Amino acid sequence: MKSKIKFKKAVSPFYSELREEVNILLTDDVIRKAGRLLILKFVSYSLAFLVLYANIFFNPYMENKGWAVILNYILLGLTGILLAFNCSHDCVHNTFSKYKKINWIIYYITFNLQGVNARLWKKRHIVSHHVFPNVDGCDADIDDNIFIRLSASQVKRKMHSYQHLYATVLYCFYTLHWILIKDFIYVRKKELANLRNQSHSWMSVAEVVILKLAYFTYMLILPVIFTDIPVLTILTAFLVMHLTISLFFVLTLIISHLSLETDFPKADENGYLPYDYYEHQLAVSLDYHPTSRLANWIFGGFNSHAAHHLFPGLPHTVYTIITPAIKKAAVRNNFPYHEKSIVNAVLSHYQYLRKLSK
């Protein structure tokens, strides 16, 4: 019988010391400002999303300018992704509002607006990824797939010899694959990484289908019906939008865990991973521009991944403040901490894919 996966017992003062430092840094005034910034980001990205969507219907310039329609769709898609980065993600961790109902409503609406199912992703993210990040068989985000080998523990297929060459093409279709295929695979799977005996009622399956129909209705059918924009132009714009946001989404998220620097810990014969919980989070995470306010505004804290995994109960708007303390605590306790520029992080990801291709 396979041993249950578990972390080593923490013996280092790393987290207890760090928590005390973070508590000192996050004064009531800092927390209030962080909360106001979250609201500002929510309002800004929401308004931008609504304006860009309305622009499809009420801007007469769109009717005979195909490039303008395509550009508008690209900006609409990117704004939707940024809304999810900066608002949906905080809501799923209940760090946007002190009221769980408000978090749930905002998360459910803003995430489903992107065409992917909010309920399914929340379960994978909270119950699987955040428990055992980068652990094969326990992290749904690196669950084995036939096209790309994401861990040395996964089976190497012949096609993987070229994965660093064709990965970008696959990444371009990531969001469409998620919307049209991935969610339905998750609905059918009884076992996914560390999630066992999964079952979905007919109502939950119907919810998945209805929400996806709603997505294609507001993104495609309504513009076709209520504007004079050619159908082919709308379809082209929709496809180009997904190619663009897929690359943006994948290459700003995947680099935070899948690179040459990050570790993929394996359990021993007794089920123990080589690190305690807190060192594990540092070992498997890569930050890029973690103290930059601009990067925080854009990426919603995904660029400060060490802070997020160590303090998932804090809003991402404080990550720029607490990351320097994390770096210092890691050095003091001889714990790993990984940081690169976003360009070098992307390069490291492709070098990692090449390493696994051999």
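What to note about this one:
- Efficiency of FRET from Cβ geometry, Phe147 and Val224, R₀ 30 Å, rounded to 0.05: 0.40
- Kirkwood analysis of the stretch 98-186, using all unique Cα-Cα pairs, places the hydrodynamic radius at 14.9 Å.
- Dipole magnitude of the stretch 1-117, debye to nearest 20 (Cβ charges: Lys/Arg +1, Asp/Glu -1, about Cα centre): 620
- For the chain, the fraction of alpha-carbon pairs in successive 20 Å shells from zero, as %: 27, 59, 14, 0
- Counting only Cα atoms, the stretch 81-233 measures 50, 44, 32 Å along its principal axes, largest extent leading.
- Residue-level accessible surface for Ser12, protein heavy atoms, 1.4 Å, Å²: 40
- When each of Lys9/Lys327; Lys8/Lys266; Lys122/Lys182; Lys123/Lys156; Lys266/Lys327; Lys123/Lys189 is checked by Cα-Cα distance, pairs over 19 Å: Lys9/Lys327; Lys123/Lys156; Lys266/Lys327
- Per-residue Karplus couplings for the stretch 268-275, computed as 6.51 cos²θ - 1.76 cosθ + 1.60 with θ equal to phi - 60°, are listed in order as 7, 5, 9, x, 8, 6, x, 10 Hz, Gly and Pro entered as x.
- Proximity of backbone amide H atoms, modeled 1.01 Å from N, is registered between Tyr275 and Lys8 at under 5 Å, excluding neighbours fewer than 5 places apart on the same chain.
- The base-10 log of I(q)/I(0) for the stretch 1-149, evaluated at q = 0.21 Å⁻¹, reads -1.26 [Debye formula, identical scatterers on Cα atoms, solvent excluded].
- Vicinal HN-Hα couplings computed from phi for the stretch 237-247 (Karplus, 6.51 cos²θ - 1.76 cosθ + 1.60; Hz; Gly/Pro x): 4, 5, 5, 4, 4, 5, 4, 5, 5, 5, 4
- ³J(HN,Hα) computed for each position of the stretch 303-313 - Karplus, 6.51 cos²θ - 1.76 cosθ + 1.60, integer Hz, glycine/proline x: 6, 10, 6, 4, 4, 5, 6, 7, 10, x, x
- Accessible area of the chain belonging to carbon and sulfur atoms, whole % at 1.4 Å probe: 65
- Relative packing of 106-112, 282-288, which averages over residues the other C-beta atoms within 10 Å, highest first: 282-288, 106-112
- For the chain, the solvent-accessible area of protein heavy atoms averages 49 Å² per residue (probe radius 1.4 Å; ligands and nucleic acids excluded).
- Take the Kirkwood radius over Cα pairs of the stretch 221-358, plug it into Stokes-Einstein at 20 °C and 1.002 mPa s, and you get 125 µm²/s for translational diffusion.
- Here the extension length gained between Ile109 and Leu347 equals 82.2 nm, from 0.36 nm per residue of separation less the Cα-Cα distance.
The values are calculated or read from the model by the stated rules, or taken from the named source; none is laboratory data. Bear in mind that the values here come from a model prediction, so they are computed numbers and not experimental data. Methodologically, a virtual Cβ is constructed for each residue, glycine included, from the backbone with ideal geometry; neighbour enumeration extends over all protein chains shown. Heavy atoms of the whole protein, side chains included, go into the accessibility calculation; ligands, DNA and RNA do not. Shrake-Rupley method; radii C 1.70, N 1.55, O 1.52, S 1.80 Å.
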